[in-house]
Amino acid sequence: VGVLTRPRSFFRFGGGGPPGGGPPPTLVIRAIGPALRFVEYVLVSCSVLVILFIAFFVGAEVMMRYLFNSPIPAHLELSELMMPVIVFLAFSYTQATHGHVGMDLLTDMLPKRGERFMGIATRLVSLFICAVIGYFSLKATYQLWLYDDVTMSPPYFKTWPAAAAIPLGYILISLRMYIQLLHLISPDRFPAYEPHDADLYTADDHPSGVE
């Protein structure tokens, strides 16, 4: 919700340059980094709005059912369709702010250099897995669109828009992990381009970025 109260931070792209006047990042990274950060802000704001909508929608359905004996049709199907939207629109933003649940019992026992290499290794594996899942979930979404798949009860909501949130989330988190991987390899050349909310989670707390 705090994201919605800070719209000016959407456009604060100027602070992503390399520290200490090091070599500039490549043109691709300079284009992808700020754009990805902006998209993450927009999508996590949309996720928050969907959460609020579902909260009011479910509350209204309960009231209509028990007070007026007139339940809202297909409320369960719509709520279920919104679940992947809520989760995957905020997927990359959560990764960028190191918000995913992780285990650091072993990494905290490593020296700084070993922790950094562990972060690089986990990013490589995670990037590959997320890219594969993103590819196949995109194919599955395309199949739902081709078949014109709908829910089983009226008003027969189409399922592909909700399913599209899954490949979108995995594609964006793959890009985020790619940027994080480059930043771990060469932090002076490749800025992290993290959302400004990530300042609450300092690099000193988790220098390797392992989650």
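The values are calculated or read from the model by the stated rules, or taken from the named source; none is laboratory data. This is a predicted model, so every value here is computed, not measured. Glycine gets a Cβ as well: all are built from the backbone with ideal geometry, and neighbour counts include every protein chain shown.
For Ala165, state whether it is in a helix (DSSP H, G or I), closer than 23 Å to Ala35 by Cα, at pLDDT 85 or above and not aromatic (Phe, Trp, Tyr).
Yes; evaluated as a whole, the condition is true for this residue.
Report those helices (runs of 4 or more DSSP H) wholly inside the stretch 23-138 carrying at least 2 residues which are of a type in the set (A, V, I, L, M) and in contact (Cβ under 8 Å) with a residue 12 or more places away in the chain.
27-67, 75-89
Touching a residue at least 60 places away in the same chain (Cβ under 8 Å), more than 26 Å from Pro34 (Cα to Cα) and surrounded by fewer than 15 Cβ atoms within 10 Å (Cβ to Cβ) - does that describe any residue in the stretch 175-190?
No, the stretch 175-190 contains no residue that is touching a residue at least 60 places away in the same chain (Cβ under 8 Å), more than 26 Å from Pro34 (Cα to Cα) and surrounded by fewer than 15 Cβ atoms within 10 Å (Cβ to Cβ).
Hey, does the stretch 130-145 have a residue that's modelled with pLDDT under 95 and either of a type in the set (Val, Ile, Thr) or in contact with a Leu (Cβ under 7 Å, 6 or more places away or on another chain) (or both)?
The answer is no; no qualifying residue exists.
With respect to Ser174, is the statement that it is assigned to a helix (DSSP H, G or I), among the small types (Gly, Ala, Ser) and touching an Asp or Glu at 6+ places or on another chain (Cβ under 9 Å) true?
Judged against the criteria, Ser174 is not a match.
Looking for whichever is more than 16 Å from Leu168 (Cα to Cα) and over 22 Å from the mean Cα position of the chain (by Cα) here; the options are Glu115, Glu80. Which one fits?
On the way: Glu80 fails: over 22 Å from the mean Cα position of the chain (by Cα).
So the residue among Glu115, Glu80 that is more than 16 Å from Leu168 (Cα to Cα) and over 22 Å from the mean Cα position of the chain (by Cα) is Glu115.
Take Pro111 and tell me if it is at pLDDT below 85, in contact with a Gly (Cβ under 9 Å, 6 or more places away or on another chain), under 24 Å from Gln180 (Cα atoms) and loosely packed, with under 14 Cβ neighbours inside 10 Å.
So Pro111 fails the test.
What are the residues in the stretch 139-160 that are assigned to a helix (DSSP H, G or I), of a type outside the set (Ser, Thr, Tyr) and either in contact (Cβ under 8 Å) with a residue 12 or more places away in the chain or buried (at least 17 other Cβ atoms within 10 Å of the Cβ) (or both), if any?
Ala140, Leu144, Trp145, Trp160
Among the residues of the stretch 159-199, which ones are among the small types (Gly, Ala, Ser) and in contact with a Phe, Trp or Tyr (Cβ under 8 Å, 6 or more places away or on another chain)?
Ala165, Gly169
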